[in-house]
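This report concerns only the one structure given below.
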Amino acid sequence: MATILEAQGVSRSFGGVKALAGCSLSVDKGSITGLIGPNGSGKTTLFNVMTGYVKPDTGTVSFEGNDVTNARPNKIFALGVGRTFQLTRIFARISVLENMLVATQRDESWLRGLTRSKSSKSELDAAMEWLDFVGLTRLASMQAGSLSYGHLKLLELAYVLVADPDVVLLDEPAGGVNLTLINEISEKILALNKGGKTFLIVEHNMEFVMKICDKVTVMHQGCDLVTGTPGEVRSNPAVLDAYLGSSDGEVSETVDHG
Ligand code: ADP
Ligand code: MG
């Protein structure tokens, strides 16, 4: 399989904290790749580096073979890499549909989406289409801040998908979500993946990861520790050690909100 998104030897410190220490990760085109590891192992920082939100001290990031190491977030987004945030970026005080219309603005001129009197017909159609896909059509006019946590996660998924990115990075899409919705989210991801979309997913819910991922990379203390199939990773002693040595305890089926 061809690599679509890749980080090589990425390091990044914050003050004295080495969040990433020579971390490499490659995402195959058309795959669902999982990124797991104890809290604080650097998963979100790696996402931030791969999407231009944090500059690495050393190392490179490439997308479809082109170097994007120091590219700005809106550039990487425009190339076709979409993402969600561990802490939501949904606007609480506007409606679900208005959030989707903000998402149709492809770059940082998104603010115009709030001030413009009218979105185009095609933007509105796209917004409604993706709301329908995640099953939120009937909540379109509801204030986003009053959504349940699970519905908020579905809105985040629709929000990132409306721009039709080639690669979608999801930071804990199942975190704090009930089992029914977790299953719904995994079905949506699998359906999109069948249609050719590539996913890179950080998630603590092991059942979710094991069910949908083709390949999993385990991070530990800012480095990629092991990469393999879900089954290989799960039975790897080094992985068990990494989790046991952390406050997270063992690799479990439980949902962790870290
Ligand atoms: P994970 O997502 O695996 O839980 P993070 O990437 O969020 O891990 O964090 C890795 C380490 O880097 C943690 O020790 C965290 O406190 C630190 N860190 C991450 N971002 C920052 C930042 N902006 N400023 C200071 N420390 C940070
Ligand atoms: Mg994180």
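The values are calculated or read from the model by the stated rules, or taken from the named source; none is laboratory data. These numbers come from a predicted model, not from an experiment. Using ideal geometry, Cβ is built from the backbone for each residue, glycine included, and neighbour counts are taken over all protein chains shown. Heads up: the accessible areas ignore ligands, DNA and RNA and are worked out on the full protein's heavy atoms, side chains in. Shrake-Rupley method; radii C 1.70, N 1.55, O 1.52, S 1.80 Å.
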- Message: Residue pairs, Cβ under 7 Å, 6 or more apart or interchain, first in region 50-71 and within 17 Å of Cys223 (Cα to Cα), second at pLDDT below 95 and exposed (fewer than 15 other Cβ atoms within 10 Å of the Cβ). List them.
- Response: Lys55/Asn70
- Item | Of all residues in region 38-58 being more than 10 Å from ligand 2 (Cβ to nearest atom) and under 12 Å from the mean Cα position of the chain (by Cα), the one that is nearest to Val81 (Cα to Cα) | Thr51
- Message: Could you list, ordered by first residue, the pairs with Cβ atoms under 6 Å in which the first is in region 82-99 and within 16 Å of ligand 1 (Cβ to nearest atom) and the second is among the basic types (Lys, Arg), at least 6 apart or interchain?
- Response: none
- Task: Please work out which one of (1) touching a strand residue (DSSP E or B) at 6+ places or on another chain (Cβ under 7 Å); (2) part of a helix (DSSP H, G or I) is the condition Asp241 fails and give its number.
- Result: (1)
- Residues satisfying the stated conditions in region 132-171, i.e. under 20 Å from Gly34 (Cα atoms), outside any helix (DSSP H, G or I) and open to solvent by less than 10 Å² (accessible area, probe 1.4 Å): Pro165, Val167, Val168, Leu169, Leu170, Asp171
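In this structure, does Leu35 turn out to be touching a strand residue (DSSP E or B) at 6+ places or on another chain (Cβ under 6 Å), under 30 Å from Pro237 (Cα atoms), within 16 Å of ligand 2 (Cβ to nearest atom) and outside any loop (DSSP other than H, G, I, E, B)?
Yes.
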- Can you spot a residue in region 153-160 that is away from ligand 2 (no atom under 16 Å from the Cβ) and closer than 21 Å to Lys43 by Cα? yes
- Query: If a residue has to be within 8 Å of ligand 1 (Cβ to nearest atom) and either modelled with pLDDT under 95 or part of a loop (DSSP other than H, G, I, E, B) (or both) to count, how many in region 38-69 make the cut?
  - Reply: 6
- Item | Search result, residues across region 177-205 that are open to solvent by 30 Å² or more (accessible area, probe 1.4 Å) and among the small types (Gly, Ala, Ser) | Ala191, Gly195, Gly196
- Message: Here are the criteria: (1) free of Cβ contacts under 8 Å to residues at least 40 places away in the same chain; (2) under 17 Å from the mean Cα position of the chain (by Cα). Tell me which single one Thr137 does not satisfy.
- Response: (2)
- Message: Quick check on region 21-31: of everything there that is surrounded by fewer than 24 Cβ atoms within 10 Å (Cβ to Cβ) and assigned to a strand (DSSP E or B), which residue is farthest from ligand 1 (Cβ to nearest atom)?
- Response: Asp28
- Query: Residues in region 70-86: is at least one under 29 Å from Ile212 (Cα atoms), in contact with a Cys (Cβ under 7 Å, 6 or more places away or on another chain) and assigned to a helix (DSSP H, G or I)?
  - Reply: no
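Given the structure, is Thr254 at pLDDT 95 or above and over 17 Å from the mean Cα position of the chain (by Cα)? If you could, list the steps in order and put the result at the bottom.
Working: at pLDDT 95 or above: no; over 17 Å from the mean Cα position of the chain (by Cα): yes.
Spelling it out, it is not the case that Thr254 is at pLDDT 95 or above and over 17 Å from the mean Cα position of the chain (by Cα).
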